Each structure stands twice: as C-alpha cells, then as structure tokens.
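The values are calculated or read from the model by the stated rules, or taken from the named source; none is laboratory data. What you see is a predicted model; the values in this text were computed from it and never measured. All Cβ positions, glycine included, derive from the backbone under ideal geometry; neighbour counts span all protein chains shown.
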Amino acid sequence: MSLNKYRDKRDFRKTDEPRGQEPDAEPGTKPIFVIQEHDASSHHFDLRLEIDGVLKSWSVPKGPSTDPGDRRMAIPTEDHPLDYADFEGRIPEGEYGAGTVLIWDRGTWTNITEKDGETRSAEEALEQGHLLAWLDGEKIRGGYALHRTGGSDGNWLLIKMDDDQADRRRNPVNTEPKSVQSDRTIDEVAADET
Ligand code: MN
C-alpha cells in the first residue's frame, strides 16, 4: 500500500528505478539508510530511512550538516522501496525526478528516540514528528534529530545532535562529493549514463 504513491509517479518502462519488491527485511538485521544526491530540476539530497519495510524519505535541499548549529530543511516525500537504496544513475527527461542520482552515503541506523526514559518506536516517533536517529554511514555518523515543524503536513528540520561525531568544520557535502558505491562524482555518473 505504502508504495502506491511511489509507483503512480513513475513509468517503469522508461525509468531504470526499481519498481520495488514487497517488504522483505530480514529479522534481526539493522535497518538501512541512504542519502542520495539528486541533481533534478532542483539540486538536493534525499535522506531515506528504513522503517516498517519501506524507505521513509525526506528531500534535504542543502544536504546533511555535521554542525549542530545548522538547521537543514527536510521536505517529506513519498515512501520508496528498500531496493531504491541501490539506485544510482539517470532518470530520463520527462520522467518524475528527471536527472542524476548518486549514492552519496549509506549504512545502517538505530532509532534512539526516547519518551519518558523509554524507547519510542520509529513508527510512533514519525507520527509524533520527532525522531532521533543514530546513523552509521561512511560519511555521516552519530545522532541526528528530525523534527516536524507546524502541523502534520508541515516540513521537517534535520539537525546534527551535539555528540562526539559533531564537527563544525567538516562540511562533507562539499568536501566528500563522490559516490560511496562507485567512487564517481555526479557529473561522472551523468556522463557515463548518457
Ligand atoms: Mn529527489
């Protein structure tokens, strides 16, 4: 059900993006996350967290920061299938999201949301608009807060928590541009796939 919006937006005869399998996360394995740089009509980074068998997704125009003083806008987008985490390439002109996608970072994550000293499930945290995620990626590590601002259809903010992985100077969005899957830059992906 949750992937209907994703599938409705796309023509899978034209785009190489995955149609998406039914949820098949293996019990006992850590949920994954991916951050995909997406050079579409507007350039942004898509943050996707595995929750409940799909990738819950936010479009982050400036990408993630390692500086706890930065508040990065995160616009919720439709759930994506788990195998989208492996997608890198071109979405053809005229198709939804047309442009180049690069796997900028990837790893596993842990829900560290607490309420009154008890862990709150990721599903509930999303509903409440307040999720704390510990990311174990290659570039992005440590705690991140996702806060919904305004009502239930409001935008979110992505903020680095002030932990030992915080770094006010690192700025990996600018200094570490290459794909963690293919070691290519986004211009190289675009050139290779046309
Ligand atoms: Mn996108």
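What are the pairs with Cβ atoms under 6 angstrom where one residue, in the range 53-65, is touching a residue at least 60 places away in the same chain (Cβ under 8 Å) and assigned to a loop (DSSP other than H, G, I, E, B) and the other, located anywhere, is more than 10 Å from the ligand (Cβ to nearest atom) and of a type outside the set (A, V, I, L, M)? Sequence gap at least six, or different chains.
Sorted first by the residue in the range 53-65, then by its partner, the pairs are Lys62/Arg72; Ser65/Arg72; Ser65/Lys160.
Can you tell me which condition Gly150 does not meet? The list is (1) farther than 30 Å from Arg10 by Cβ; (2) in a loop (DSSP other than H, G, I, E, B); (3) without any contact (Cβ under 8 Å) to a residue 12 or more places away in the chain, and all the others hold.
The number of the failed condition is (1).
Go through the range 42-76 residue by residue and tally those that are under 17 Å from Leu3 (Cα atoms), more than 13 Å from the ligand (Cβ to nearest atom) and crowded, with 18+ Cβ neighbours inside 10 Å.
So the answer is 5.
Under the condition of being charged (D, E, K, R) and surrounded by 14 or more Cβ atoms within 10 Å (Cβ to Cβ), which residue from the range 104-123 is farthest from Phe33 (Cα to Cα)? Outline the logic, then answer.
So the first thing to find is which residues in the range 104-123 are charged (D, E, K, R), and the list is 105-106, 114-116, 118, 120, 123.
Then drop every residue that is not surrounded by 14 or more Cβ atoms within 10 Å (Cβ to Cβ), which leaves 105-106, 120.
Working: Asp105: 8, Arg106: 6, Arg120: 19 Å.
Filtering first and then ranking leaves Arg120.
Those residues that are within 12 Å of the ligand (Cβ to nearest atom), part of a strand (DSSP E or B) and more than 21 Å from Glu188 (Cα to Cα), I need them from the range 77-126; list them, please.
Thr77, Glu78, His80
Applying the selection to the range 165-187, what residues are in contact with a strand residue (DSSP E or B) (Cβ under 9 Å, 6 or more places away or on another chain) and either acidic (Asp, Glu) or in a helix (DSSP H, G or I) (or both)?
Taking the range 165-187 as the starting set, the residues that turn out to be in contact with a strand residue (DSSP E or B) (Cβ under 9 Å, 6 or more places away or on another chain) are 165-167, 172-173, 176-182, 184-187.
Within the range 165-187, Asp167, Pro172, Val173, Glu176, Ile186, Asp187 meet the criteria.
Could you tell me whether the range 15-34 includes any residue that is more than 16 Å from Ile103 (Cβ to Cβ), within 16 Å of the ligand (Cβ to nearest atom) and at pLDDT 90 or above?
Of the residues in the range 15-34, the ones more than 16 Å from Ile103 (Cβ to Cβ) are 15, 19-31.
Still in the list and also within 16 Å of the ligand (Cβ to nearest atom): 15, 20.
Narrowing further to those that are at pLDDT 90 or above: 15.
Looking for residues that are more than 16 Å from Ile103 (Cβ to Cβ), within 16 Å of the ligand (Cβ to nearest atom) and at pLDDT 90 or above, one finds at least one in the range 15-34, hence yes.
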